[in-house]
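Novice: Below are the structure tokens for one structure; questions will follow.
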Amino acid sequence: MNERNSEDLRIQKTAARADGPVQTSQRKNAETAAGTASAASPAPIKLELSGVQKSFGSRRRPLPVIGGVSLQVREGEFVSLIGPSGSGKSTLFHLIGGLLQPDSGEIRLDGRVINGERGHIGYMPQQPALFPWRTIEENVVLDREVNGIPRRDTLDEARRWMERAGLSGFERAYPHTLSGGMQQRAAFVRALLSPHELMCLDEPFSALDAFTRSEMQTWLLDIWEETRRSVLFVTHHIEEALLLSDTVYVLSGRPSSVLRRIEVPFPRPRREEIAETPEFLALRRELTGLMKEEQRKSRAENGGRAARG
Amino acid sequence: MSFRTTLTRWFRSAWPPFVAVLFFLALWEAAVRFFGVESWILPSPGVIAQEASRSADSLWMHTLSTLRLTLIGFVVGSAVGLLVACLLHLLPLLKSALYPLLILSQNVPTIALAPLLMIWFGFGLLPKIIVITLVCFFPVAVSAMDGFAQTDRTMLNYMRMIGAKRIQIFRKLEFPHALPSLFSGLRIAATYSVMGAVIAEWIGAQKGIGYYMILQKSAFRTDRIFAAIAIIVALSLLLFLLVTLVERLVVRGGRRGGHKEGGDPR
Ligand SMILES: Nc1ncnc2c1ncn2[C@@H]1O[C@H](COP(=O)(O)OP(=O)(O)OP(=O)(O)O)[C@@H](O)[C@H]1O
Ligand SMILES: [Mg+2]
């Protein structure tokens, strides 16, 4: 199973390299077709959350954080979650990763309930969390190592991906000698090399300046369009979500639920330039309005809470 | 970082205390001469050095014996400390039962147990190693357990999310994470172990620096006692450096000397 996935990654990659423009335009046509007749033959559902709820705090004073979230990620789909800070996005990932048990609701992976089960996803945490005593290449293969794939079977592939991530020359460096952006890229490659198909990325670019961020977005777009993994991606950044995703879920403030689900209609492979199309701007305006409203509400809520006690 | 730059850097940080020690010795020499202090009360550094070189052979023999005892005791004591730390960390129930007792046990002066150990185990190597183990074990166990417990939460969550098993989390994350902390415990244990060895030799031995000191005390040979003290200091320093050297080889990624991530200003 593990082996198969890593094989897939490699095959898709070589395919994309081998017959560049022809294949890409074909894919583009296929995508446009799929976009217009969306329900023709949708990919199977990879991850499904239905009515997931989670509260923290004591029994006496529970703090409901996730108040019933339902969403889907199809195979090979890029799905973004946006929501105000503190709305429980990271918590949602912890639930999917089995670190926490939902109070109610179901989390299904490939149709099977996985509530509280660990080790089914590739994960990139909000902080890079690279191990300081491991070199970058040793860090990058950690997920595979934990899943029982020996290091020497992975290092070649790892080095190739590091090169794509602009990390060549740093294979043997320790994380503290890398810039924040490079550390995030290394953490991303680590998730990418996970033998599990679904990747959960928690605000991978949050620590970057605007310029580096947009560079990283293009980079991720390229890599994702090559590998076509199923991705669940958390961000605060509306433009980023629209640029990268097939589907965007907008979460409300605490306790969070899905406010809106938006299918992003732009064909793939995408270019940054789509950000200037009227369609994109309209979507962005809509989402910005929604988010502003939500942010205002949740601030009022929190303010009230603080005033009360 | 090359060996030479390491050496230069080390030299640069080592010369001020070195000069301070020289200055202190000079002051001592001058004071003893100026006030005409009798040699059996306080010999001057020069007299001590002369006596040390005169009885170098016997001092060397005793030093080797103490060094051997110290090293065995240090290794055994640290190993036991580390083992206990690992066990208590991996078995939380055991930890909650024993950790408070472990802390309490430090109120028992280990040294005071030494005579008892001699009665039970005779005058051989075993009771001495037990004494050293008792003094070494605690700093190692506590610093290792602290290191394990302070494992970075994000890294821990990451390992759990990707499905790492308990033993993988321990081997790949908690143990390497605790190394800098463990080594600060080992450094303390290194100095303690020399002290433990000397005290064990005071109480019952036929050779070693501790035994030598007892012998010279009854002869009022203050100069020789000072020579022995100098040797004890040197042994402590030697072990300390040894631990630091091993730490350099083992701890990676700019986290040496108690620093967490990020350190190594250049
Ligand atoms: N283990 C926990 N125990 C108690 N409360 C928690 C725990 N984890 C998260 N929370 C609370 O849950 C809420 C949501 O936290 P979470 O980190 O999921 O938000 P987020 O949407 O990821 O925010 P951000 O966008 O700032 O990263 C916060 O109010 C937080 O205090
Ligand atoms: Mg978060």
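The values are calculated or read from the model by the stated rules, or taken from the named source; none is laboratory data. On a predicted model such as this, the values are computed, not experimentally measured, just so you know. Quick reminder, even Gly has a Cβ in these numbers, built from the backbone with ideal geometry, and neighbours come from all protein chains shown. Each accessible area value is taken on the protein alone, full model and side chains, heavy atoms only, with ligands, DNA and RNA left out. Shrake-Rupley method; radii C 1.70, N 1.55, O 1.52, S 1.80 Å.
Novice: For A:Phe131, work out the one condition from (1) assigned to a loop (DSSP other than H, G, I, E, B); (2) under 22 Å from B:Leu173 (Cβ atoms); (3) open to solvent by 10 Å² or more (accessible area, probe 1.4 Å) it doesn't fulfil.
Specialist: Looking at each condition in turn, A:Phe131 falls short on (3).
Novice: I've got another one for you. (1) in contact with an Asp or Glu (Cβ under 6 Å, 6 or more places away or on another chain); (2) modelled with pLDDT of 90 or more; (3) within 16 Å of ligand 2 (Cβ to nearest atom): which one isn't true of A:His176, the others all being true?
Specialist: Evaluating A:His176 over (1) in contact with an Asp or Glu (Cβ under 6 Å, 6 or more places away or on another chain); (2) modelled with pLDDT of 90 or more; (3) within 16 Å of ligand 2 (Cβ to nearest atom) leaves (3) as the failure.
Novice: Next up: Could you tell me whether any residue of segment B:200-208 is within 14 Å of another protein chain (Cβ to nearest Cβ), at negative phi and among the polar types (S, T, N, Q)?
Specialist: Taking segment B:200-208 first, the residues within 14 Å of another protein chain (Cβ to nearest Cβ) are none.
No, because not a single residue in segment B:200-208 is within 14 Å of another protein chain (Cβ to nearest Cβ), at negative phi and among the polar types (S, T, N, Q).
Novice: Residues that are modelled with pLDDT of 90 or more, open to solvent by less than 10 Å² (accessible area, probe 1.4 Å), within 17 Å of the chain's Cα centre (by Cα) and of a type in the set (Phe, Trp, Tyr): does segment A:230-248 have at least one?
Specialist: yes
Novice: Which condition from (1) more than 14 Å from every other protein chain (Cβ to nearest Cβ); (2) in contact with a Lys or Arg (Cβ under 7 Å, 6 or more places away or on another chain) is the one that A:Glu145 breaks?
Specialist: (1)
Novice: May I pose another question? Tally the residues that are part of a helix (DSSP H, G or I) and over 30 Å from B:Gln206 (Cα atoms), restricting the search to segment B:4-59.
Specialist: Of the residues in segment B:4-59, the ones part of a helix (DSSP H, G or I) are B:4-35, B:45-54, B:56-59.
Filter once more, keeping what is over 30 Å from B:Gln206 (Cα atoms): B:4-35.
So the answer is 32.
Novice: Quick one: how many residues across segment A:66-82 are within 16 Å of ligand 2 (Cβ to nearest atom) and surrounded by fewer than 18 Cβ atoms within 10 Å (Cβ to Cβ)?
Specialist: Summing the residues that are within 16 Å of ligand 2 (Cβ to nearest atom) and surrounded by fewer than 18 Cβ atoms within 10 Å (Cβ to Cβ) in segment A:66-82 gives 0.
Novice: If you check every pair at least six apart or on different chains, which have Cβ atoms under 8 Å apart with a residue in segment A:68-90 that is among the hydrophobic types (A, V, I, L, M, F, W, C) first and a residue that is within 16 Å of ligand 2 (Cβ to nearest atom) and open to solvent by 30 Å² or more (accessible area, probe 1.4 Å) second?
Specialist: Taking only residues 6 or more apart or on different chains, the pairs are A:Ile82/A:His236; A:Ile82/A:His237.
Novice: For a quick check of your reading of the model, give me the residue pairs whose first member lies in segment A:149-172 and is farther than 12 Å from A:Ala186 by Cα, whose second is aliphatic (A, V, I, L, M) and in a helix (DSSP H, G or I), with beta-carbon atoms closer than 8 Å and at least 6 apart or on different chains.
Specialist: What qualifies is A:Glu157/A:Leu9; A:Arg172/A:Ile136.
Novice: Hey, could you check segment A:200-214 for residues that are assigned to a loop (DSSP other than H, G, I, E, B) and open to solvent by 30 Å² or more (accessible area, probe 1.4 Å) and say which is nearest to ligand 1 (Cβ to nearest atom)?
Specialist: Of the residues in segment A:200-214, the ones assigned to a loop (DSSP other than H, G, I, E, B) are A:203-209.
Retained after the next criterion (residues that are open to solvent by 30 Å² or more (accessible area, probe 1.4 Å)): A:206-207, A:209.
Values: A:Ser206: 8, A:Ala207: 12, A:Asp209: 18 Å.
Across segment A:200-214, the extreme among qualifying residues is A:Ser206.
Yes or no, residue by residue, for (1) more than 14 Å from ligand 1 (Cβ to nearest atom); (2) among the aromatic types (Phe, Trp, Tyr); (3) over 28 Å from A:Leu242 (Cβ atoms):
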| site | (1), (2), (3) |
| --- | --- |
| A:Lys46 | yes, no, no |
| A:Glu77 | yes, no, no |
| A:Ser85 | no, no, no |
| A:Phe93 | no, yes, no |
| A:Arg108 | yes, no, no |
| A:Asn115 | yes, no, yes |
| A:Ile121 | yes, no, no |
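Novice: Quick one: A:Ser85 ticks every box in (1) within 13 Å of ligand 2 (Cβ to nearest atom); (2) touching a Phe, Trp or Tyr at 6+ places or on another chain (Cβ under 7 Å) bar one, so which box is it?
Specialist: Condition not satisfied by A:Ser85: (2).
Novice: Here is a further query. Cβ contacts < 9 Å: first residue closer than 13 Å to B:Ile229 by Cβ, restricted to segment B:41-52; second residue assigned to a loop (DSSP other than H, G, I, E, B), any location; separation 6+ or different chain. Result?
Specialist: From residues that are closer than 13 Å to B:Ile229 by Cβ, the pairs are B:Pro43/B:Val37; B:Glu51/B:Pro43; B:Glu51/B:Arg221.
Novice: What is the one condition in (1) facing chain B (nearest Cβ under 7 Å); (2) under 22 Å from A:Arg228 (Cβ atoms); (3) out of contact with any strand residue (DSSP E or B) (no Cβ under 9 Å at 6 or more places or on another chain); (4) of a type outside the set (Lys, Arg) that A:Val140 does not satisfy?
Specialist: Checking A:Val140 against (1) facing chain B (nearest Cβ under 7 Å); (2) under 22 Å from A:Arg228 (Cβ atoms); (3) out of contact with any strand residue (DSSP E or B) (no Cβ under 9 Å at 6 or more places or on another chain); (4) of a type outside the set (Lys, Arg), the one that fails is (1).
Novice: Test of understanding: among A:Leu100, A:Leu63, which residue is within 14 Å of chain B (Cβ to nearest Cβ) and either near ligand 1 (Cβ under 8 Å from one of its atoms) or in a loop (DSSP other than H, G, I, E, B) (or both)?
Specialist: Values: A:Leu63 fails: within 14 Å of chain B (Cβ to nearest Cβ).
Of A:Leu100, A:Leu63, the one residue that is within 14 Å of chain B (Cβ to nearest Cβ) and either near ligand 1 (Cβ under 8 Å from one of its atoms) or in a loop (DSSP other than H, G, I, E, B) (or both) is A:Leu100.
Novice: Also, quick follow-up: Take the residues in segment A:172-183 that are within 13 Å of chain B (Cβ to nearest Cβ) and either under 17 Å from the mean Cα position of the chain (by Cα) or under 20 Å from A:Phe211 (Cβ atoms) (or both); name whichever of them is surrounded by the most Cβ atoms within 10 Å (Cβ to Cβ). Walk me through it before giving the result.
Specialist: Here is the first cut: in segment A:172-183, the ones within 13 Å of chain B (Cβ to nearest Cβ) are A:172-180, A:183.
Then keep just the ones that are either under 17 Å from the mean Cα position of the chain (by Cα) or under 20 Å from A:Phe211 (Cβ atoms) (or both); that gives A:178-180, A:183.
On the way: A:Leu178: 18, A:Ser179: 11, A:Gly180: 13, A:Gln183: 21.
Looking at residues that are within 13 Å of chain B (Cβ to nearest Cβ) and either under 17 Å from the mean Cα position of the chain (by Cα) or under 20 Å from A:Phe211 (Cβ atoms) (or both), I get A:Gln183.
Novice: Condition check: open to solvent by less than 70 Å² (accessible area, probe 1.4 Å) and within 30 Å of A:Gly119 (Cα to Cα). Does B:Met118 satisfy that? I'd like the intermediate steps shown before the answer.
Specialist: Values: open to solvent by less than 70 Å² (accessible area, probe 1.4 Å): yes; within 30 Å of A:Gly119 (Cα to Cα): no.
In short, no.
Novice: For residues that are among the small types (Gly, Ala, Ser) and either in contact with a Leu (Cβ under 6 Å, 6 or more places away or on another chain) or away from chain B (no Cβ under 12 Å) (or both), tally how many sit in segment A:188-226. Talk me through it step by step, then tell me what you get.
Specialist: Narrowing segment A:188-226 to residues among the small types (Gly, Ala, Ser): A:191, A:194, A:206-207, A:210, A:214.
Now drop any that are not either in contact with a Leu (Cβ under 6 Å, 6 or more places away or on another chain) or away from chain B (no Cβ under 12 Å) (or both), which leaves A:206-207, A:210, A:214.
Number of matching residues: 4.
Novice: Also: Quick one: would you say B:Ile132 is part of a helix (DSSP H, G or I) and under 14 Å from the mean Cα position of the chain (by Cα)?
Specialist: yes
Novice: List the residue pairs whose Cβ atoms are under 6 Å apart, where the first residue sits in segment A:117-131 and is within 7 Å of chain B (Cβ to nearest Cβ), the second is open to solvent by 50 Å² or more (accessible area, probe 1.4 Å), and the two are 6 or more positions apart or on different chains.
Specialist: From residues that are within 7 Å of chain B (Cβ to nearest Cβ), the pairs are A:Arg118/B:Arg160.
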